[in-house]
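The values are calculated or read from the model by the stated rules, or taken from the named source; none is laboratory data. Given the structure is predicted, the values throughout are model-derived calculations rather than measurements. Neighbour counts run over all protein chains shown; Cβ positions are idealised from the backbone, glycine included.
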Amino acid sequence: MTRLTPKPRPAALGRLALLLTLALSACGGIEFLPADTPTPPPSLAPTLTPVTPDPSGTAATFLDAWGRGDYGGMYSLLSPLSQDAVSRDDFEARYREVVRTANVISVTAQVLASLKTGDTASVSFEVNLKTAVVGTVTRKAEMPLVYTGGRWAIAWTDGLILPELAGGNTLHLDYAVPARANIYDRNGLGLAVQGEAVAVGVQKNQITDEAALLAALSELLRLKPEAIQAKYANAQPDWYVPIGQASAEDVQARLGALTTIGGIILTRYTTRYYPYGGVAPQVLGYLSAIPPEALAEYQARGYTGDERVGRAGLEAWGEPYLAGKRGGVLYAVTPSGEIAAKLAESQAQPSQALYTTLDRALQLEAQNVLGNFRGSITILDPATGEILAMASNPGYDPNLFDPTNRNSAGLETMLADPGRPLLNRATQGVYPPGSVFKIPMMAAALMSGLFTPDTPYTCTGVWNTLGPEAVKYDWTVAFGVAPHGTLNLVEALAYSCDPYFYTIAYDLFEYNPDYMTEVAHAFGLGRATGIGQVAEAEGLIPDPAWKAAAIGEDWTPGDSVNMGIGQGYVQVTPLQIAQMMGAVANGGTLFRPQIVHHVAPPGGAPLTPFAPIAGGALPVSAEQLAVIQAGLDGAINLPKGTAHQVFPTFEIPVLGKTGTAEDPAVGQPHAWFAGYTQAHRPDKPDIVMVVMIENVGEGSQFAAPLFKRMAEIYFLGRAYSLLPWEQEFSATPTATPAP
């Protein structure tokens, strides 16, 4: 074999070869060619030009993050020079300010085209800013990008938000805000109006003629003199004591007299004014600042965030109508405050007034009749479902929610009232109905076929069907009254015989434990009426499934027996009882209660004219309904009827049912009276009225007399008979009747 003799190499080259040999020998798995293997000719590697990615991807990612409000993600795509020029906080603040100022609801943007030249590129895009006030602002712009650090980055400027913002310009929205519309009663009388009001107060050490002061303020504020005097009785001599609010017109008409009486202090202010210290305040609601948790929602509707808005009742329900729709002009403004450009404009849409079904005069009478009682009076038209009055006591003054009212310091005290004045007891209060519940139970007895109108029962005052340890007694026993003796089903309702209804409930339990619940639901109880215009509770009509789920126990005959007289777990609202009584009165139709009669723009036709809404029908035949009505007539007109002593010679025909519902938590029972009139007068529609007084006593002693008083006022124009606890007309009712 011929060995090739290598050519001599320089020492340095030899050392390099040695180092290379040592390095290669240190690598496992390397195979060396024999020394005599010919060296292959060197290959020429091609020269490659680096390929940069498409800049459109970076631009699209930036625009997508903008649509999601991911400003941090947007900032991460900026070039190093841009990030040096603007901090992340300032960058995010710039975008957020645009969203806030222009009331931006959403951002959509898309790439249109791109042009790349070496390490620079330009991407054209279109952005659409949908705003709550001026519509959608659409702009096209060019986004410059640079290739640095192995990626495309955005060379950001203000003009990438909107071209008009280049150079540090900002947005300014010049709002056009329509005046808030008023709320009226059915006769066009104001319940909540925009205008001037006067805060009325007293300072004791300035009083010169107390009798004149009390007389003047009593006439102005519709308050009793003793009620006014009680407000400042314990005040320090130099204290300002809030008394109430009055319209500027009413004050102006009496200004001469008011300004000459020492001690009266008048402070004028512009406000949302609620006359007479609040007519149906729980129905109307009030205005207050937008809560933080709802700010984004209101801003999306065009609000700036510092407005006072409807927070309860019709003020909240009717906010879209009452507030109208904001308009305005969106400008770009230079750093020096000059207008650079007009971007968009929209016209404001006028607000629309609410006309309610309420009768202001009747409502004020109902509030006055309740006096110091805790409870409610609900009056509706059974032929339509229109609410004529809905009084809940204690009430409150919605004027106190206006911080510009000098008397608003009383708001804190009002909110801390344990009587919960903001609660609408007619729609949100839930109570056991007591014997008023015997109306649907009588229907269940007839519908089941187990009882007829003439089914006899001998009442001894004692009922022991459940055994000696579960003996129940009639109400007559507690009052020392003789038991009812033998009576039929109609008389059982008229006399409110508990043992008869215990028997009905027990027999229905054996017939079908769910039957009473099904009938009560069909009468509209234990379910929301659907009024919608004010908040309402659903109440509860229990059944075996509910008890098993809620309490973990089986339904027993005792549960049905308690339920049969409206006790146990049964909970209803006065409005549900009113709807039920309306159906009994009108022949069986459960009309949905309504408070809003119509909505109307200024000088325009009603947008939502009133129409009765039938929400169902009672499940009884005409004959069965007539039997129920006979029992309600007997409660008023039979000598032993539970309300006969209240209406012995009343000239307005009334049918109704008393109820006395036990409340073990407090002790004193709730007093109910639910009834309707049959006057058939062409000038006055007949009415359904439900009176519910909390923890006061018997329904016949308290609720029924208040029903009669309101019926006198409604049909006869004034009260003609004293209440049992009154010594004179217009005396303030108390929770304890006079002997």
Tell me, please, whether a residue that is outside any helix (DSSP H, G or I), modelled with pLDDT of 95 or more and among the charged types (D, E, K, R) can be found in the range 646-666. yes
Residue within the range 202-222 that is closer than 30 Å to W317 by Cβ and either surrounded by fewer than 20 Cβ atoms within 10 Å (Cβ to Cβ) or modelled with pLDDT of 95 or more (or both) present: yes
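Each row is one residue, and each column tells you yes or no for (1) under 24 Å from G582 (Cα atoms); (2) among the aromatic types (F, W, Y); (3) modelled with pLDDT of 95 or more.
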position: V462; (1), (2), (3): no, no, yes
position: A478; (1), (2), (3): no, no, no
position: F523; (1), (2), (3): yes, yes, yes
position: L540; (1), (2), (3): yes, no, yes
position: G564; (1), (2), (3): yes, no, yes
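Please enumerate the residues belonging to the range 134-169 that are aliphatic (A, V, I, L, M) and either within 15 Å of T58 (Cα to Cα) or modelled with pLDDT under 95 (or both).
Of the range 134-169, the ones aliphatic (A, V, I, L, M) are 134, 137, 141, 143, 145-146, 153-155, 160-162, 165-166.
Answer for the range 134-169, where residues must be aliphatic (A, V, I, L, M) and either within 15 Å of T58 (Cα to Cα) or modelled with pLDDT under 95 (or both): M143, L145, V146, A153, I154, A155, L160.
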Criterion first (surrounded by fewer than 20 Cβ atoms within 10 Å (Cβ to Cβ) and at pLDDT 95 or above) does A312 satisfy it? no
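From the list G615, G641, pick out the single residue that is assigned by TED's automatic domain parsing to the domain that holds V490 and either within 22 Å of P453 (Cα to Cα) or in contact with a Lys or Arg (Cβ under 6 Å, 6 or more places away or on another chain) (or both). Talk me through it step by step, then tell me what you get.
Numbers: G641 fails: assigned by TED's automatic domain parsing to the domain that holds V490.
Going through G615, G641 in turn, the sole match is G615.
Looking at L493, L466, which one is in contact (Cβ under 8 Å) with a residue 12 or more places away in the chain, outside any helix (DSSP H, G or I) and not acidic (D, E)?
Values: L493 fails: outside any helix (DSSP H, G or I).
Among L493, L466, only L466 is in contact (Cβ under 8 Å) with a residue 12 or more places away in the chain, outside any helix (DSSP H, G or I) and not acidic (D, E).
Could you pull out the residue among A626, A635 that is free of Cβ contacts under 8 Å to residues at least 12 places away in the same chain, of a type in the set (A, V, I, L, M, F, W, C), within 30 Å of A703 (Cβ to Cβ) and outside any loop (DSSP other than H, G, I, E, B)? Spell out the reasoning first.
Values: A635 fails: free of Cβ contacts under 8 Å to residues at least 12 places away in the same chain.
Result: A626 is the single residue among A626, A635 that is free of Cβ contacts under 8 Å to residues at least 12 places away in the same chain, of a type in the set (A, V, I, L, M, F, W, C), within 30 Å of A703 (Cβ to Cβ) and outside any loop (DSSP other than H, G, I, E, B).
Can you confirm whether L145 is without any contact (Cβ under 8 Å) to a residue 12 or more places away in the chain and not acidic (D, E)?
Working: without any contact (Cβ under 8 Å) to a residue 12 or more places away in the chain: no; not acidic (D, E): yes.
It is false that L145 is without any contact (Cβ under 8 Å) to a residue 12 or more places away in the chain and not acidic (D, E).
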Across the range 668-686, what is the number of residues that are under 32 Å from the mean Cα position of the chain (by Cα) and in a loop (DSSP other than H, G, I, E, B)? 4
If I377 passes every condition in (1) crowded, with 22+ Cβ neighbours inside 10 Å; (2) in a helix (DSSP H, G or I); (3) of a type in the set (A, V, I, L, M, F, W, C); (4) in contact with a Phe, Trp or Tyr (Cβ under 9 Å, 6 or more places away or on another chain) but one, which one does it miss? (2)
Among the residues of the range 250-301, how many are out of contact with any helix residue (DSSP H, G or I) (no Cβ under 8 Å at 6 or more places or on another chain), part of a helix (DSSP H, G or I) and closer than 30 Å to N205 by Cβ? 4
Taking the condition of being within 21 Å of the chain's Cα centre (by Cα) and part of a helix (DSSP H, G or I), how many residues in the range 521-578 meet it? 3
Out of everything in the range 380-389 that is surrounded by 23 or more Cβ atoms within 10 Å (Cβ to Cβ) and either free of Cβ contacts under 8 Å to residues at least 12 places away in the same chain or in contact with a Leu (Cβ under 8 Å, 6 or more places away or on another chain) (or both), what residue ends up being farthest from V193 (Cα to Cα)? L380
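Search the range 336-357 for residues being assigned to a strand (DSSP E or B) and of a type in the set (S, T, N, Q), and hand back the single one that is surrounded by the most Cβ atoms within 10 Å (Cβ to Cβ). If you could, list the steps in order and put the result at the bottom.
To start, the set of residues in the range 336-357 that are assigned to a strand (DSSP E or B) comprises 339-346, 349, 353-356.
Next, from what is left, pick out any that are of a type in the set (S, T, N, Q): 346, 349, 356.
On the way: S346: 18, Q349: 13, T356: 30.
This residue is T356.
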